[in-house]
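Report on the following structure.
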Amino acid sequence: MPEPRIVILGAGPAGVGAAHWLRKTRKAQVTVVEQNTVVGGNAGSFEAGGQRLDYGSHRLHPACDPEILAEIRDLLGNDLLDRPRHGRIHLRGKFVHFPLKPIDLMLRLDPQFALGSLTDMGRKVLAGKHDEGDSFASVLLANLGPTICRDFYFPYARKIWGRDPDTLSAIQARRRVSAGSFGKLVRKVLTQVPGLKPPGAGRFFYPKKGYGQISEAFADAARKHGADFRLGSRVVRLHGPSSAQAPWIIEVDRNGKTTELTADYVWSTIPITALARSLSGRVPAEVRDASAGIEYRAMILVYLELPVDQFTEFDAHYFPSADVSITRLSEPKNYAVVAEPRGRTTLCAELPCEADDEVWRMDDAGLGRQVADDLARAGIPLPAPPVAVHTRRLRQAYPIYTKGYEGPFGILDHWAESLPRLLTYGRQGLFAHDNTHHALYMARAAVDCLEPAGFNEDKWTEYRKVFATHVVED
């Protein structure tokens, strides 16, 4: 029986992972279509100022599925580094180590914050379990109390998602806050105590050549096994099968020239809203309306190239307070433990915003000044003016789970499932708050569901239940 033809839309981790496993198992002929000229998507890397830089702060977590981790190790070999986490949180004017360490908490935590948190914990124990409500705010208040919510989670949520915590879904709290109760928070702190540390606690994996090396390695392996990658190519239109045996037709534009690809299956990792827009023919009005109800938060990544070897010893700084506009600052040289380039380091600041708002339209120089001002307010001023400022803009950095979002997403999801031989999956395809290892797990699951008789929908339904349990690892 000839191998079916699969066209994969998007070359992020979910796309390149599926391409690799499909070709490794000889289950299908594969063509990957990606509008960018490199693979990796938001988990990719690029070069600037003599450094490999990532699209934000990325780590491969030890929570990664063992088989997925084994595959990554096999592909990257000695290039996959095992690193200790060494970050800090700017909380009420003081820096506290992250991951949280007991001694550091005792010595550095703001006394009022500590007392308020302990009081909230005591009240929680005495009051016992009660209704969590249906919002991000109500879930965290019920489980963590007002102090931690007021000084950390609520201002951070407003910055990341641009919405008041009361308007966000409870699902956002359950899938995005890994330490969403006092019990979980205490357990996380105790994992940093010598003798109590489980394997992998306080550590992460990181490739020598930047986080994008993971996606690049999967893509290279897929190519060696015969996968075809069409980079710098944009999907213009999808034409569904005209009959049970007819193929999908995918119109692709590259440098102004349109070509057609045919496929037995289309596997889409692009935003489900973009998928709806790209389909030819009449899309139901309720699907169009549902697309308008799906929201994403944009982000600008501001890279400051500094004329020094190192800015700080820390890999990442977190800024929950409202008086600092950025949410996180990372220093890539500290992730990869590299000395080159000498006399240069680059900082990556993450600045959430709305696509096309005033911040989005700001020029690079203005963004560089804003980040410099933020760092000065936080007590870590730049040691010298940047020699260069680079920026990258991500229109769909974070899915926003507003209360009731399940309705419009459910309509889109059901519509996509009704289309013959089409699969939508991955972080963007399933509108999911997920890490890279989750996206790769989805890719492997999809390949597992492809059987000689066709795609096993029942098995995929069971995998979807597993995906729903994924919680983001910070």
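Being among the charged types (D, E, K, R) and out of contact with any strand residue (DSSP E or B) (no Cβ under 8 Å at 6 or more places or on another chain) is the filter here, so list the residues in the stretch 320-338 that pass it.
Within the stretch 320-338, just 323 meets the criteria.
Could you tell me which of the residues 309, 289 is modelled with pLDDT under 95 and among the acidic types (Asp, Glu)? Being modelled with pLDDT under 95 and among the acidic types (Asp, Glu) holds for just one of 309, 289, which is 289. Of the residues 77, 87, 93, the single one that is among the small types (Gly, Ala, Ser) and surrounded by 15 or more Cβ atoms within 10 Å (Cβ to Cβ) is 87.
One line per residue, one yes/no per condition, for (1) without any contact (Cβ under 8 Å) to a residue 40 or more places away in the chain; (2) closer than 28 Å to residue 246 by Cα:
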residue: 22; (1), (2): no, yes
residue: 32; (1), (2): no, yes
residue: 79; (1), (2): no, no
residue: 82; (1), (2): no, no
residue: 104; (1), (2): yes, no
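Of all the criteria given as (1) closer than 30 Å to residue 430 by Cβ; (2) out of contact with any helix residue (DSSP H, G or I) (no Cβ under 8 Å at 6 or more places or on another chain), the one not satisfied by residue 255 is (1).
The set of residues in the stretch 124-143 that are outside any helix (DSSP H, G or I) and either in contact (Cβ under 8 Å) with a residue 40 or more places away in the chain or touching a strand residue (DSSP E or B) at 6+ places or on another chain (Cβ under 6 Å) (or both) comprises 134, 135. May I ask you to list the residues in the stretch 286-303 that are under 22 Å from the mean Cα position of the chain (by Cα) and crowded, with 19+ Cβ neighbours inside 10 Å? If the condition is that a residue be under 22 Å from the mean Cα position of the chain (by Cα) and crowded, with 19+ Cβ neighbours inside 10 Å, then 291, 294, 295, 296, 297, 298, 299, 300, 301, 302, 303 are the ones that fit.
To keep it simple, each residue is scored yes or no on (1) modelled with pLDDT of 95 or more; (2) over 23 Å from residue 17 (Cα atoms); (3) within 30 Å of the chain's Cα centre (by Cα); (4) not assigned by TED's automatic domain parsing to the domain that holds residue 24.
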| position | (1), (2), (3), (4) |
| --- | --- |
| 231 | yes, no, yes, no |
| 254 | yes, yes, yes, no |
| 258 | yes, yes, no, no |
| 264 | yes, no, yes, no |
| 277 | no, yes, yes, no |
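Of the helices (runs of 4 or more DSSP H) that lie entirely inside the stretch 404-473, those containing 3 or more residues that are among the basic types (Lys, Arg) and at negative phi span 457-467. I'd like the full set of residues that are among the basic types (Lys, Arg) and assigned to a helix (DSSP H, G or I), limited to the stretch 1-26. Scanning the stretch 1-26 gives 23, 24.
Can you list the strands (runs of 3 or more DSSP E) lying wholly within the stretch 280-388 that have 3 or more residues being hydrophobic (A, V, I, L, M, F, W, C)?
Numbers: elements: 295-306, 316-318, 328-330, 345-353.
Output list reads 295-306, 345-353.
Look at the stretch 443-463: where a residue is over 18 Å from residue 416 (Cβ atoms) and a partner is of a type in the set (Val, Ile, Thr), sitting 6+ places away or on another chain with Cβ atoms under 8 Å, you get 444/68; 447/25. If I filter the stretch 407-419 for residues that are touching a strand residue (DSSP E or B) at 6+ places or on another chain (Cβ under 7 Å) and surrounded by fewer than 20 Cβ atoms within 10 Å (Cβ to Cβ), do I get at least one hit? No, the stretch 407-419 contains no residue that is touching a strand residue (DSSP E or B) at 6+ places or on another chain (Cβ under 7 Å) and surrounded by fewer than 20 Cβ atoms within 10 Å (Cβ to Cβ). Residues in the stretch 220-247 that are among the small types (Gly, Ala, Ser) and touching a residue at least 60 places away in the same chain (Cβ under 8 Å) were compared, and the one that is surrounded by the fewest Cβ atoms within 10 Å (Cβ to Cβ) is 244. Considering the conditions (1) touching a residue at least 60 places away in the same chain (Cβ under 8 Å); (2) more than 22 Å from the chain's Cα centre (by Cα); (3) under 25 Å from residue 350 (Cα atoms), residue 172 is excluded by exactly one of them, (2).
One residue alone among 250, 270, 214 is touching a residue at least 40 places away in the same chain (Cβ under 8 Å), assigned to a loop (DSSP other than H, G, I, E, B) and on the phi < 0 side of the Ramachandran plot, and that residue is 270.
Going by the structure shown, is residue 107 surrounded by fewer than 20 Cβ atoms within 10 Å (Cβ to Cβ) and either part of a helix (DSSP H, G or I) or under 24 Å from the mean Cα position of the chain (by Cα) (or both)?
Working: surrounded by fewer than 20 Cβ atoms within 10 Å (Cβ to Cβ): yes; either part of a helix (DSSP H, G or I) or under 24 Å from the mean Cα position of the chain (by Cα) (or both): yes.
For residue 107, the condition - surrounded by fewer than 20 Cβ atoms within 10 Å (Cβ to Cβ) and either part of a helix (DSSP H, G or I) or under 24 Å from the mean Cα position of the chain (by Cα) (or both) - is met.
Scanning the stretch 23-42 for residues that are over 16 Å from residue 248 (Cβ atoms), surrounded by 24 or more Cβ atoms within 10 Å (Cβ to Cβ) and of a type in the set (A, V, I, L, M) yields a total of 1.
The values are calculated or read from the model by the stated rules, or taken from the named source; none is laboratory data. Just so we're clear, the structure is a prediction, and the values are computed from it rather than from any experiment. Cβ coordinates were reconstructed from backbone atoms using ideal geometry, including for glycine residues, and neighbour counts include every protein chain displayed.
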